[in-house]
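A single structure is presented below for examination.
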Amino acid sequence: KKSEAWSARFSEPVSDLVKRYTASVFFDNRLAQVDIQGSLAHAEMLAHQGIISAADYAEIQRGMAQIKGEIDAGKFEWLLDLEDVHLNVEKRLTELVGDAGKRLHTGRSRNDQVATDIRLYMRGAVDDIIGLLRELRSALLDLAEQHADTILPGFTHMQVAQPITFGHHVLAYVEMFGRDAERMADARKRINRLPLGAAALAGTTFPIDRLRVAETLGFDDVCRNSLDAVSDRDFAIEFCASAALVMTHISRMSEELVIWMSPRVGFIDIADRFCTGSSIMPQKKNPDVPELARGKTGRVNGHLISLLTLMKGQPLAYNKDNQEDKEPLFDTVDTLTDTLRIFADMARGISVKPEAMRAAALQGYATATDLADYLVKKGLPFRDAHEAVAHAVRTCVDRGCDLADLSLDELRAFSSLVGEDVFEVLTLEGSVAARDHIGGTAPNQVRAAIAHIRNELK
Ligand code: ARG
């Protein structure tokens, strides 16, 4: 059986290996629904412009409705011989409605067709992802609210730095995912433009109405240059870059969850439904979901590099290289979508152990900065205060005690400015409550931030 789509030009059929090598139907058939949507809009415009008859358009509609049904029911037969989703659907349409089906491709090429399909598909994917980011943020806001007062050590260089509230820590991720949602919404603006009408590369001789098709399909505008329209994949790269950032944030969070759940740290537990055991060690409960998410970040980052590399050497306009955009793109969408869905759910399955957090915050002289600030408020220049407290910490390290364990007299040995009121600033509660400004870790600031973001999410 020889290849049908362009056979007259060819004296022999392609080999089976080449057929398999060049075919995309087994992965691009996920574009079937948007392919049909695009074709119907194109056909409507052709009829409106008198390029095909109203009767042909009606036949195309009838055929496409049936094809849709066959695909939904899993009864559509995808043929490798027909290379890709576009030719498979068109061929079936012609089987069903004859010449009207053969007229559908008037004034169109698979080059502008596939670019349109991907944009329609991506628009839907981005909308889903923005919705999922919102769900994740709202789950994290609830967690932050429950722990607006819970104190844990904040770290820099993985060394105890200053006490912070757990709610504040969680809100840091809420900020990151908020920026991610903004980036997705921004990428959507450039996704949502119509390439159709560019035809193969130069436009078409038929009196088409591109703006009409754009409006039917809900695009904000048409791509303004036909060469660019068929060869541009910037929008896919931008999406992958935004996706890589989302996964990078997920991965940083995962790393913290894994550390926090380690028995050596013991800050949190994650609900059993997100963990698995070991086939050999009966005691194990492993944080598989965050570990896997950290791992999958590598693959999403890789897809971004794949697409950038795919595009860097392509002359204008369309080249078959572009068919390679789909698998990385689809896998990015799938990985990101699943990950966000699981994380929104898992955020509600995190139980916090405030005693363990508190115990850790009491080690490592987390309130040393507070003592220095105290001395500054009594009139000492900051650099001198820093030095005085460093001596105090040094003494505590030698003795194996905390700053608050030193007596008033002992503290006064480091600076005569120390008074009775010093012990308030050495407490964890005093330390966090004192950082009371926009963006600070004080519990009331955490509550204000939560209210602010909730209001934005409305
Ligand atoms: N399957 C192709 C792709 O994904 C469709 C466009 C093919 N165009 C062509 N002239 N061979 O890019």
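Just so it is clear, none of the values below were taken in a lab; they were calculated from the coordinates. Values in this document were obtained by computation on a predicted structure and should not be read as measured data. Virtual Cβ from ideal backbone geometry, glycine too; neighbours counted across all protein chains shown.
Which ³J(HN,Hα) values, rounded to whole Hz and listed in residue order, are derived for segment 322-333 from phi using the Karplus coefficients 6.51, -1.76 and 1.60 in 6.51 cos²θ - 1.76 cosθ + 1.60 with θ = phi - 60°, glycine and proline given as x?
So the J values, rounded to whole Hz, are 4, 4, 6, 6, 6, 4, x, 5, 5, 5, 4, 4.
Counting Lys +1, Arg +1, Asp -1, Glu -1, what net charge surrounds Gln314 among other residues with beta carbon under 13 Å of its beta carbon? Each step should come with its number before you reach the end.
Numbers: positive: Arg233, Lys312, Lys320; negative: Asp228, Asp232, Asp234, Asp321, Glu324, Asp325.
Surrounding charge for Gln314 is -3.
Between helix 166-191 and the chain, what is the angle of the helix's C-alpha long axis to the longest principal axis, kept within 0 to 90° and rounded to the nearest 10?
So the helix axis and the longest Cα principal axis differ by about 20 degrees.
Please give the contour-minus-distance gain from Ala200 to Asp128: 0.36 nm per residue of separation, less the Cα-Cα distance, rounded to one decimal in nm. Walk me through the numbers on the way to the answer.
Numbers: separation 72, 0.36 × 72 = 25.92 nm, distance 3.10 nm.
Contour length minus the Cα-Cα distance gives 22.8 nm.
Roughly how far apart, in whole Å, are the Cα centres of segment 231-279 and segment 103-126?
The distance from the Cα centre of segment 231-279 to that of segment 103-126 comes to 33 Å.
Right, another one. What percent does the relative contact order of the chain come to when contacts are Cα pairs within less than 8 Å and at least six residues apart? Mind dumping the intermediate values first?
Values: 633 pairs, mean separation 76.0, N = 458.
Reported as a whole number, the value is 17 percent.
Moving on. For segment 359-429, what is the Kirkwood hydrodynamic radius in Å, using each pair of distinct C-alpha atoms? Numbers along the way, then the final one.
Working: mean 1/r = 0.0835 Å⁻¹.
Evaluated on segment 359-429, it is 12.0 Å.
Could you size up the charge dipole of segment 364-457 around its Cα centre, putting +1 on the beta carbon of Lys and Arg and -1 on that of Asp and Glu, and report it in debye to the nearest 20?
Working: 9 positive and 15 negative charges, 67 e Å.
It works out to roughly 320 debye.
With the contact rule set at Cα under 8 Å and sequence spacing of 6 or more, what percent relative contact order holds for segment 15-106? Before the final figure, lay out the partial values.
On the way: 88 pairs, mean separation 37.6, N = 92.
Taking the mean separation of contacting Cα pairs over the length of segment 15-106, I get 41 percent.
Taking the Cα atoms only, what angle lies between the long axis of helix 85-97 and the longest principal axis of the chain, rounded to 10 degrees?
Long axis of 85-97 versus the principal axis of the chain: about 40 degrees.
Stokes-Einstein D for the chain at 37 °C, 0.692 mPa s, Kirkwood Rh over Cα pairs, in µm²/s?
Approximately 124 µm²/s, per Stokes-Einstein.
Which value, in Å to one decimal place, does the Kirkwood hydrodynamic radius take for segment 15-137 when every pair of different Cα atoms is included?
Values: mean 1/r = 0.0646 Å⁻¹.
Value: 15.5 Å, from the Cα pair sum.
Farthest toward the dipole's positive end in the chain, which of Thr395, Asn455, Thr204, given Cβ charges of +1 (Lys, Arg) and -1 (Asp, Glu) about the Cα centre?
Result: Thr204, furthest along the dipole toward the positive end.
Which FRET efficiency, nearest 0.05, do Asp288 and Ile438 yield, Cβ-Cβ r, R0 41 Å? Mind showing how you got there, number by number?
Working: r = 38 Å, r/R0 = 0.92.
Between Asp288 and Ile438 the formula returns 0.60.
While we're here: Angle, helix 368-377 long axis vs. longest principal axis of the chain, Cα atoms, 0 to 90°, nearest 10?
70 degrees
Could you state, as a whole-number percent, how many of the C-alpha pairs of segment 158-227 are farther apart than 18 Å? Don't skip to the answer; put the middle values down first.
Working: 1454 of 2415 pairs.
Counting pairs separated by more than 18 Å, the tail of P(r) holds 60 percent.
Something else now. Under 8 Å for C-alpha pairs, at least 6 residues apart: give me the relative contact order for segment 326-418, rounded to a whole percent.
Relative contact order, segment 326-418: 21 percent.
Let me ask something else. Report the local net charge at Gln445: Lys and Arg +1, Asp and Glu -1, summed over other residues whose C-beta lies under 11 Å from its C-beta.
Working: positive: Arg435, Arg447; negative: Asp436.
Spelling it out: positives minus negatives among the neighbours equals +1.
Right, something else. So what is the 222 nm mean residue ellipticity for the chain from helices alone, if each DSSP H run of at least 4 adds -39500 (n - 2.57) and you divide by all residues, rounding to the nearest 500 deg cm²/dmol?
On the way: 20 runs with 284 residues, N = 458.
After summing the helix terms and dividing by the residues of the chain, the value is -20000 deg cm²/dmol.
Now for a separate question. Can you tell which of Val89, Pro153, Ser15 lies farthest toward the positive end of the dipole of the chain, using +1 and -1 charges on the Cβ of basic and acidic side chains (Lys, Arg; Asp, Glu)?
Ser15
If each Cα of segment 256-299 is one equal point scatterer, what is log10 of I(q)/I(0) from the Debye formula at q = 0.20 Å⁻¹?
For the requested q values the scattering log ratios are -0.66.
Please compute the volume of the convex hull spanned by the alpha-carbon atoms of segment 286-389 and report it per residue in Å³.
Working: hull volume 23.7 nm³, N = 104.
Dividing the Cα hull volume of segment 286-389 by its residue count gives 228 Å³.
Another question, if that's okay. Test of understanding: extend the Cα→C-beta vector of Leu408 to 7 Å, then name every residue of segment 425-448 with backbone N under 16 Å from that spot.
425-426
Where Lys and Arg each count +1 and Asp and Glu each count -1, what net charge lies around Gly419 among other residues with Cβ under 10 Å from its Cβ? Provide the component values of the computation, followed by the final result.
On the way: positive: Lys378, Arg412; negative: Glu420, Asp421.
Residues near Gly419 contribute 0 overall.
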